[in-house]
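Enquirer: Below you'll find the structure I mean.
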Amino acid sequence: IPLMHNTWLAKKDKRKVALRLAPNAKTKRIDAVIVGQNGEPIDFDPGAGTVVRAKVRCPLCSGTIDDKTTRRLFREGQAGQRMMAVVLHHPHRTGKAYRLPNERDMEAYRAAEKALEKKRQQLRDAWGIEPVPDEPLPIGGRDRYDTCRLPLYGLKQWGELFNARQKLALLTFADAVRRAHAEMLRSSSEPDFAKAVTTYLGLAFDKIAEICTATSAWEPVAQCTRQMFRRQAIPMVWD
């Protein structure tokens, strides 16, 4: 069951595009169709997704799963990630277009998974530490999960907030920032100048790290990903 709070891709006054979930009883699979891309009317409610506060409704059989069961299934490793749509940018046109994922997209993701392990080992040897953050997520507040809801779903370390492709990209950028600082010092730059440039690069990297996470929801009005820290807590995000 794709766990989506809503299926909007674009939600502007003059342009509306959404995913329509298409249950297939024969294959027992829930596929998707992009609607509205070519101006066709959206004759369903994209705001009625399949999950609200961890309570799940199956579009195939109309059965429901309560929130405690959903969280337990996550903790038992019965949940995963699924690519639902691909955002396209045309070099000579403004705006965004959308299509469904294809096998080439999945091959690219699998290649990133393999490259991540190689990069991770390389940086582990070079830095002397685990490059993917393995510090525990915070648990505190009135009911212990006010600050961060993710441990309820089995996510316990900061590094688990990122998928393989995001980890690979962020490790590549982090490595580049470190190498830039070393290169400036080797080229006889003033240490304070090198420190200032590296600080600005670090600030830009932080912004990327806040947006490129598995808990960065898609914003259909602006048609971009939202930052993770939208409030002083880290909630579970479905889309």
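Enquirer: Just checking, does segment 28-46 include any residue being aromatic (Phe, Trp, Tyr), in a strand (DSSP E or B) and in contact (Cβ under 8 Å) with a residue 12 or more places away in the chain? Reasoning before the result, please.
Expert: Keep residues of segment 28-46 that are aromatic (Phe, Trp, Tyr), which gives 44.
Restricting the remaining residues to those that are in a strand (DSSP E or B) gives none.
Checked segment 28-46: no residue is aromatic (Phe, Trp, Tyr), in a strand (DSSP E or B) and in contact (Cβ under 8 Å) with a residue 12 or more places away in the chain.
Enquirer: A follow-up question, please. Do we find a residue being over 30 Å from Lys11 (Cα atoms) and of a type in the set (S, T, N, Q) anywhere in segment 106-125?
Expert: There is at least one residue in segment 106-125 that is over 30 Å from Lys11 (Cα atoms) and of a type in the set (S, T, N, Q).
Enquirer: May I ask you to list the residues in segment 122-136 that are open to solvent by 80 Å² or more (accessible area, probe 1.4 Å), in a helix (DSSP H, G or I) and not charged (D, E, K, R)?
Expert: Residue satisfying the conditions is Gln122 alone.
Yes/no matrix, rows are residues, columns are (1) in a helix (DSSP H, G or I); (2) open to solvent by less than 60 Å² (accessible area, probe 1.4 Å):
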| site | (1), (2) |
| --- | --- |
| Lys167 | yes, yes |
| Leu170 | yes, yes |
| Arg179 | yes, no |
| Ser189 | no, yes |
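Residues checked against (1) in a loop (DSSP other than H, G, I, E, B); (2) out of contact with any Pro (no Cβ under 7 Å at 6 or more places or on another chain):
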{"residue": "Cys61", "(1), (2)": "yes, yes"}
{"residue": "Phe74", "(1), (2)": "no, yes"}
{"residue": "Met83", "(1), (2)": "yes, no"}
{"residue": "His92", "(1), (2)": "yes, yes"}
{"residue": "Ala97", "(1), (2)": "no, yes"}
{"residue": "Ala112", "(1), (2)": "no, yes"}
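Enquirer: When you look at Val17, is it surrounded by 15 or more Cβ atoms within 10 Å (Cβ to Cβ), closer than 30 Å to Glu160 by Cβ and not charged (D, E, K, R), yes or no?
Expert: Numbers: surrounded by 15 or more Cβ atoms within 10 Å (Cβ to Cβ): yes; closer than 30 Å to Glu160 by Cβ: no; not charged (D, E, K, R): yes.
Taking the combined requirement at face value, the residue does not satisfy it.
Enquirer: Check Gly63, Gly47, Gly77 and return the single one that is surrounded by fewer than 11 Cβ atoms within 10 Å (Cβ to Cβ) and in contact with a strand residue (DSSP E or B) (Cβ under 9 Å, 6 or more places away or on another chain).
Expert: Going through Gly63, Gly47, Gly77 in turn, just one is surrounded by fewer than 11 Cβ atoms within 10 Å (Cβ to Cβ) and in contact with a strand residue (DSSP E or B) (Cβ under 9 Å, 6 or more places away or on another chain): Gly63.
Enquirer: Continuing with the same structure: What's the total number of residues in segment 194-226 that are within 19 Å of Ala174 (Cα to Cα) and either without any contact (Cβ under 8 Å) to a residue 60 or more places away in the chain or outside any loop (DSSP other than H, G, I, E, B) (or both)?
Expert: If we filter segment 194-226 for residues that are within 19 Å of Ala174 (Cα to Cα), which is where we start, we get 194-214.
Next, only the ones that are either without any contact (Cβ under 8 Å) to a residue 60 or more places away in the chain or outside any loop (DSSP other than H, G, I, E, B) (or both) stay: 194-213.
Adding up the residues that qualify gives 20.
Enquirer: Are any residues in segment 191-200 open to solvent by 70 Å² or more (accessible area, probe 1.4 Å) and within 23 Å of Ile129 (Cβ to Cβ), and if so, which ones? Spell out how you get there, then give the answer.
Expert: At the first step, the residues of segment 191-200 found to be open to solvent by 70 Å² or more (accessible area, probe 1.4 Å) are 191-193, 195, 199-200.
Within segment 191-200, Lys195, Thr199 meet the criteria.
Enquirer: Ok, one more. List every residue pair whose Cβ atoms lie under 7 Å apart, where the two residues are 6 or more positions apart in sequence or sit on different chains, the first residue falls within segment 139-157 and is open to solvent by 60 Å² or more (accessible area, probe 1.4 Å), and the second residue, located anywhere, is at pLDDT 90 or above and in a strand (DSSP E or B).
Expert: Lys156/Pro136; Gln157/Pro136
Enquirer: Right, here's the next one. Considering each residue of segment 1-19, count those that are in a loop (DSSP other than H, G, I, E, B) and in contact (Cβ under 8 Å) with a residue 12 or more places away in the chain, and give that number.
Expert: 7
Enquirer: How many residues does segment 163-204 hold that are closer than 30 Å to Arg71 by Cα and touching a helix residue (DSSP H, G or I) at 6+ places or on another chain (Cβ under 7 Å)? Please lay out each step first, then the result.
Expert: Kept after step one, since they are closer than 30 Å to Arg71 by Cα, are these residues of segment 163-204: 163-171.
Checking the rest, the ones that are also touching a helix residue (DSSP H, G or I) at 6+ places or on another chain (Cβ under 7 Å) come to 164-165, 167-168, 170-171.
Residues flagged as closer than 30 Å to Arg71 by Cα and touching a helix residue (DSSP H, G or I) at 6+ places or on another chain (Cβ under 7 Å) within segment 163-204 amount to 6.
Enquirer: Report every pair of residues separated by at least 6 positions or lying on different chains whose Cβ atoms are under 7 Å apart, first residue within segment 54-73 and acidic (Asp, Glu), second part of a loop (DSSP other than H, G, I, E, B) and open to solvent by less than 40 Å² (accessible area, probe 1.4 Å).
Expert: Matching pairs, first to second residue: Asp67/Ala54.
Enquirer: What are the residues in segment 51-60 that are open to solvent by less than 40 Å² (accessible area, probe 1.4 Å) and farther than 16 Å from Lys26 by Cα, if any? Write out each step before concluding.
Expert: Within segment 51-60, the first condition is being open to solvent by less than 40 Å² (accessible area, probe 1.4 Å), and the residues that meet it are 51, 54, 56, 58-59.
Matches in segment 51-60: Val51, Ala54, Val56.
Enquirer: Follow-up. Given the structure, is Ala22 open to solvent by less than 40 Å² (accessible area, probe 1.4 Å), farther than 25 Å from Ala222 by Cβ and part of a strand (DSSP E or B)? Can you show your working first?
Expert: On the way: open to solvent by less than 40 Å² (accessible area, probe 1.4 Å): yes; farther than 25 Å from Ala222 by Cβ: yes; part of a strand (DSSP E or B): yes.
For Ala22, the condition - open to solvent by less than 40 Å² (accessible area, probe 1.4 Å), farther than 25 Å from Ala222 by Cβ and part of a strand (DSSP E or B) - is met.
Enquirer: With respect to Ser216, is the statement that it is open to solvent by 40 Å² or more (accessible area, probe 1.4 Å) and either under 25 Å from Ala85 (Cα atoms) or modelled with pLDDT under 95 (or both) true? First the steps, then the outcome.
Expert: Values: open to solvent by 40 Å² or more (accessible area, probe 1.4 Å): no; either under 25 Å from Ala85 (Cα atoms) or modelled with pLDDT under 95 (or both): yes.
No; evaluated as a whole, the condition is false for this residue.
The values are calculated or read from the model by the stated rules, or taken from the named source; none is laboratory data. Since the structure is predicted, the reported quantities are computational estimates derived from the model, not experimental observations. Neighbour counts run over all protein chains shown; Cβ positions are idealised from the backbone, glycine included. Heavy atoms of the whole protein, side chains included, go into the accessibility calculation; ligands, DNA and RNA do not. Shrake-Rupley method; radii C 1.70, N 1.55, O 1.52, S 1.80 Å.
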